[in-house]
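The values are calculated or read from the model by the stated rules, or taken from the named source; none is laboratory data. The structure presented is a predicted model; accordingly, all values stated were derived computationally and were not measured. Here Cβ is always computed from backbone atoms with ideal geometry, including for glycine, and neighbour counts include all displayed protein chains.
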Amino acid sequence: MTSFLHPTTDGSVFGSVHLGYVVVQSNRLSDWRRFGADAIGLHVDELDSSTLRFRLDDRSCRFLIRRGPAEDVIALGWQVDDHETFDRIVARVTEREVPIIEGTPEEAALRGVERLWRFAGPKGIAQEIFTNAVTTPEPLRMQSSGWVTGEAGLGHVAMLSREPESVRGYFQTVFDSRLSDYIDENISGLKMKIRFLRVNERHHSIAIANIRGVKIDPIRTSVQHINIQSGTLDDMLDSYQRVTDLGFRMQWSVGQHTNDRELSYYCVTPSGFELEVGWNPIVIGPELESTWEPSTYQGISSWGHSTVGETVLNKFAQFRQALRTVGTPEIAVPELTGGVSR
C-alpha cells in the first residue's frame, strides 16, 4: 500500500485501486500474438486456440484476448487493496441499485485472479473488481527488459465520450477518482477537451475526451487507446522500430505529452483501437498529491506525436462512424454518475 489516505481514515478508496488487466474480444488471435510478442515485446501464453494472455510482470495475466466478434475491449479489471475497500465499492454500486454479479471460477482463472465481481460501466465496458491476483514464478520470455506496473497499476485507458461529465462522475462515484488536469486540442478542425483522472499515484488511469459543441463519436471501438509503460527509453524506442518493421500501423510518432510529460508513441492494435507505449510520466506521489491543483494545457503534445499514414479513406471511415452515432444514445450507467459536471 502507498501512504495515501485509506478507507479506515477518510472514507475514500483513492489510492487503493489499480488497473489490473484488460479483456479484449477478437477473432484475430494470430495477429494479436504477433503484435503482442514480436512487435510490442510482451510475454505471450497461448492457453488454447481461442485464448491468449499477455504478461508484463509476475502476474499471470495482464491482457486477456479471447476469440469473439467484438474487436474491442469488453472489460477492465481493477484490483483493490483490501476487503474493506472492496466492500465499500460494492456498497456504492448496490446501494444505487446497479446489479453486481460474481464471475465464474473459469472467468477468474482466465483473468489470473482468485475471484472477481462485475458490474456495468460506461460505453458498455464491464468493470470488474478483485482483491487477489495470481502470480507465477515462470520467467518472462519477452523482448522488453521490463514494464512499470506496481502501485500505479497496468497503465491507463482512454475513451472518447459524447457524455464526458457522466463518465467522469461514474469513476468519481465508484473509485473516488481525482481530476489531474485538462487538455484543450484542435484535431482536424474539431475542438476537443480531454479530462485526466487518477485513482492512485499514476498521473491518470482514465482519460475522457469529447468533441466540444457536437455530440459525435468518430471511433468505432469503446476505447480510443490503452497505455502501458516501458521500463526504459531504449525498450520504448526498440518496440517502435519493431512495430514499424513488422508492418503494423503506426498512428502517432514518438512525442512528449504536455501534461504528464510522458514520451510515447501510438500504434493500432489488430482490433482497431490504439496501444500507447510510453516512458517516464510524472508520478503524483503522496508529497505531490497534497498540493496538486488541476491545470488546463493547450495541446496534447509539446513535440512530436505527428500523424503517420493518415489517408482520405481513414477520414471517411471516421466521418461515417460519427454519423452513425447521431441520435443513438451512448451506453451509460446514470445511477453511478453522481451528478458531476464540467
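Of the numbered criteria (1) closer than 18 Å to ASN259 by Cα; (2) touching a Phe, Trp or Tyr at 6+ places or on another chain (Cβ under 6 Å), the one ASN227 fails is (2). Residues in the stretch 70-101 that are of a type outside the set (A, V, I, L, M) and assigned to a loop (DSSP other than H, G, I, E, B): GLU71, ASP81, ASP82, ARG96, GLU97, PRO99. What do you reckon, is HIS18 modelled with pLDDT under 95 and outside the structural domain of TRP292 (by TED's automatic domain parsing)? It is false that HIS18 is modelled with pLDDT under 95 and outside the structural domain of TRP292 (by TED's automatic domain parsing).
Being in contact with a Ser or Thr (Cβ under 9 Å, 6 or more places away or on another chain) and farther than 29 Å from GLU289 by Cα is the requirement here; does GLY124 meet it?
yes
Is it true that GLY121 is buried (at least 16 other Cβ atoms within 10 Å of the Cβ), within 28 Å of VAL268 (Cβ to Cβ) and among the small types (Gly, Ala, Ser)? Here the answer is yes, as GLY121 does meet what is asked. In the stretch 31-47, the residues that are under 14 Å from ARG141 (Cβ atoms) reach residues that are of a type in the set (Phe, Trp, Tyr) and modelled with pLDDT of 95 or more with C-beta atoms within less than 6 angstrom, at least six apart or across chains, in these pairs: GLY36/PHE54; LEU42/PHE54; VAL44/PHE54. Condition first: touching a Phe, Trp or Tyr at 6+ places or on another chain (Cβ under 7 Å), farther than 21 Å from GLY15 by Cβ and in a strand (DSSP E or B). Can you find one or more residues in the stretch 102-116 that meet it? Yes, the stretch 102-116 contains at least one residue that is touching a Phe, Trp or Tyr at 6+ places or on another chain (Cβ under 7 Å), farther than 21 Å from GLY15 by Cβ and in a strand (DSSP E or B). Scanning the stretch 87-146 for residues that are among the acidic types (Asp, Glu) and touching a residue at least 40 places away in the same chain (Cβ under 8 Å) turns up GLU97, GLU128. Considering the stretch 242-263, the residues that are touching a residue at least 12 places away in the same chain (Cβ under 8 Å) and more than 15 Å from GLY304 (Cβ to Cβ) include one that is surrounded by the fewest Cβ atoms within 10 Å (Cβ to Cβ), namely LEU246.
Of the residues screened, LEU47 is not one that is on the phi < 0 side of the Ramachandran plot and surrounded by 17 or more Cβ atoms within 10 Å (Cβ to Cβ). Only one entry in VAL134, VAL157, VAL174 is more than 15 Å from the chain's Cα centre (by Cα) and closer than 13 Å to SER205 by Cβ, namely VAL174.
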